[in-house]
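K.L.:
My questions all concern the structure below.
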Amino acid sequence: MADRLELQGRHGKSRVRVSRVWRRPAAAGGHVIVEWNVAVSVVSDCLPSYTSDDNSAIVATDSIKNTVYVKAKECTEIVSMEEFAVILGRHFTSLYPQVSEATVTIAERPWERVVVDGKPHSHGFKLGVEKHVTEVIVKKSGNLLINSGIQGYSLLKTTQSGFEKFVRDRYTLLPDTRERIVATEVTAWWRYPFEHVSQIPSKSFCFTQRYQDVKKVLADTFFGPPDVGVYSPSVQNTLYLMAKEVLNRFPDIASVQLRMPNLHFIPVNLGNKENPGLVKFADDVYLPTDEPHGTIEATVSRPKSKL
Ligand SMILES: O=c1[nH]c(=O)c2[nH]c(=O)[nH]c2[nH]1
């Protein structure tokens, strides 16, 4: 009976923290630093290690961790997280016959160059908030998938948002409104079209720049023009317009997934019989809360070609 069992295993190392500095002269833009939290997971033919005491096919997770530092050292030119993930994935799937696939996930700690007296500092950085993330899957054949994203991107606007004409029944208390605060913490994932290592453009395409561009398109669409903004009839509609704009602007992004919790700012009205209008809400005092919060998410893709 045991012969008929099937096993699909994978192993790797998570939370491998590595930082890499590239020391360019100030005239060439100054130092560049990245701090990455790397996870590597390989699909590896090492069945006997599960079913017996034979570890002979195991690439130790300790060696996997060491490799992250070796490859960081070898990157003498600045690389994006996506490129570094591909380098690692290629390494494990090409060096070891038993490794058929590698998944590399990286989250970047957002060190941002400081500006002093209006000038970008050559070697000074401060920590930002939202994070660039990537997940790259590489197969032995060289086929791959590159997804990148942003996490913890908190956006808020104090007006130009409403929510009305939704289902109204015996469970409904929420009044219609055309005036509310809308706040969210965007998580976005998008997929690049490269399907094989050979398709990754060498230098003409920069994943890091594309991340910055997507981030800007998401925010610009959320906020609208600086003076008047743009009215949002629901988080759902704003989410859709944000994803659509990313697809419009970047033909090489195949799909976008957005998760946008609705972090409520509840109007404050305080009073009792003796003291009725202690605080009467006039679009000014709110109770901010994220528990509970609305959860709104969607994946928006281009229609599949009919060819
Ligand atoms: O933009 C919104 N979408 C909803 O689905 C929803 N539900 C709710 O209570 N408030 C909101 N706001």
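The values are calculated or read from the model by the stated rules, or taken from the named source; none is laboratory data. Note that the structure is predicted; figures quoted are calculated from it, not measured. Glycine also receives a Cβ, built like all others from the backbone with ideal geometry; neighbour counts cover every protein chain displayed. SASA here: full protein model, heavy atoms, side chains in, ligands and nucleic acids out. Shrake-Rupley method; radii C 1.70, N 1.55, O 1.52, S 1.80 Å.
K.L.:
In percent, what relative contact order does segment 146-274 have, based on Cα pairs under 8 Å that are 6 or more apart in sequence?
P.N.:
The normalised contact order for segment 146-274 reaches 33 percent.
K.L.:
Counting only the backbone N, which residues of segment 166-205 are under 19 Å from the spot 7 Å out from the Cα of ASN269 toward its beta-carbon?
P.N.:
Correct set: 166, 168-181.
K.L.:
What number comes out for accessible area per residue over segment 7-141 if the probe is 1.4 Å? Units Å², please.
P.N.:
54 Å²
K.L.:
Just grab the label-to-label distance for ASP117 and THR158, each label 7 Å out from Cα along the Cβ direction, in nm (one decimal).
P.N.:
3.4 nm
K.L.:
While we're on this one: Antiparallel as a % of all DSSP beta bridges within segment 137-263, to the nearest 5?
P.N.:
If I count the DSSP bridges inside segment 137-263, around 95 percent turn out antiparallel.
K.L.:
Return the carbon/sulfur percentage of the accessible area of the chain, one whole number, probe 1.4 Å, all protein chains in place. It would help to have the intermediate numbers written out before the result.
P.N.:
Working: 9970 of 18350 Å².
Answer for the chain is 54 percent, counting heavy atoms of protein chains only.
K.L.:
Within segment 7-141, what percent of beta bridges assigned by DSSP are antiparallel, to the nearest 5?
P.N.:
That works out to approximately 100 percent antiparallel.
K.L.:
My understanding is that a pair violates if its Cα-Cα distance is over 32 Å; which of LYS157/LYS273; LYS139/LYS304; LYS73/LYS157; LYS73/LYS304 do that in this structure?
P.N.:
LYS157/LYS273; LYS73/LYS157; LYS73/LYS304
K.L.:
Let me ask something else about it. What percent does the relative contact order of segment 7-141 come to when contacts are Cα pairs within less than 8 Å and at least six residues apart?
P.N.:
After rounding, I find 27 percent.
K.L.:
If a paramagnetic tag sat 7 Å from the Cα of PHE250 along the Cα-Cβ line, which residues of segment 202-238 would have the backbone N under 17 Å from that point?
P.N.:
Within reach of a label on PHE250: 202-222.
K.L.:
Related question: Using the C-alpha atoms of segment 97-203, what convex hull volume per residue, in cubic angstrom, is computed?
P.N.:
With only Cα atoms used, segment 97-203 gives 241 Å³ per residue.
K.L.:
Let me ask another. What is the mean projected area of the alpha carbon convex hull for segment 7-141, to one decimal in square nanometres?
P.N.:
Averaging across all directions leaves 9.3 nm² for the Cα convex hull.
K.L.:
If you keep only loop residues by DSSP, which trypsin sites (Lys or Arg not before Pro) in segment 106-191 have at most 15 other Cβ atoms within 10 Å of their Cβ? Before the final figure, lay out each step's value.
P.N.:
Numbers: sites: ARG113, LYS126, LYS131, LYS139, LYS140, LYS157, LYS165, ARG168, ARG170, ARG178, ARG180, ARG191; in loops: LYS140, LYS165, ARG168, ARG170, ARG178, ARG180.
When the trypsin sites (Lys or Arg not before Pro) of segment 106-191 are filtered for loop state and at most 15 Cβ neighbours within 10 Å, LYS165, ARG168, ARG170, ARG178 remain.
K.L.:
Using a Cα-Cα cut-off of under 19 Å, which aspartates and glutamates could be cross-linked to LYS280, ignoring same-chain neighbours fewer than 8 residues away?
P.N.:
Partners within reach: ASP176, GLU179.
K.L.:
What whole-number distance in Å separates the alpha-carbon centres of segment 10-76 and segment 104-153?
P.N.:
16 Å
K.L.:
For segment 193-270, which trypsin sites (Lys or Arg not before Pro) are both in a DSSP coil and crowded by at most 15 other Cβ atoms within 10 Å? Could the numbers behind the result be given before it?
P.N.:
On the way: sites: LYS203, ARG210, LYS215, LYS216, LYS244, ARG249, ARG259; in loops: LYS203.
Those satisfying the criteria are LYS203.
K.L.:
Once label points are set 7 Å from the Cα along Cα→Cβ at both LEU241 and TYR50, what is their separation, rounded to one decimal in nm?
P.N.:
It is 5.0 nm.
K.L.:
How high is the relative contact order of the chain, given as a whole-number percent (alpha carbon pairs under 8 Å, six or more residues apart)?
P.N.:
It rounds to 12 percent for the chain.
K.L.:
Determine the principal axes of the Cα atoms in the chain, then give the extent along each, sorted from largest to smallest and rounded to whole angstroms.
P.N.:
Principal axes ranked by extent give 79, 67, 50 Å for the Cα atoms.
K.L.:
Can you tell me which aspartates and glutamates have their Cα less than 18 Å from the Cα of LYS244? Leave out same-chain residues fewer than eight positions away.
P.N.:
Within the straight-line limit of under 18 Å, LYS244 reaches these aspartates and glutamates: ASP213, ASP220, ASP252, GLU297.
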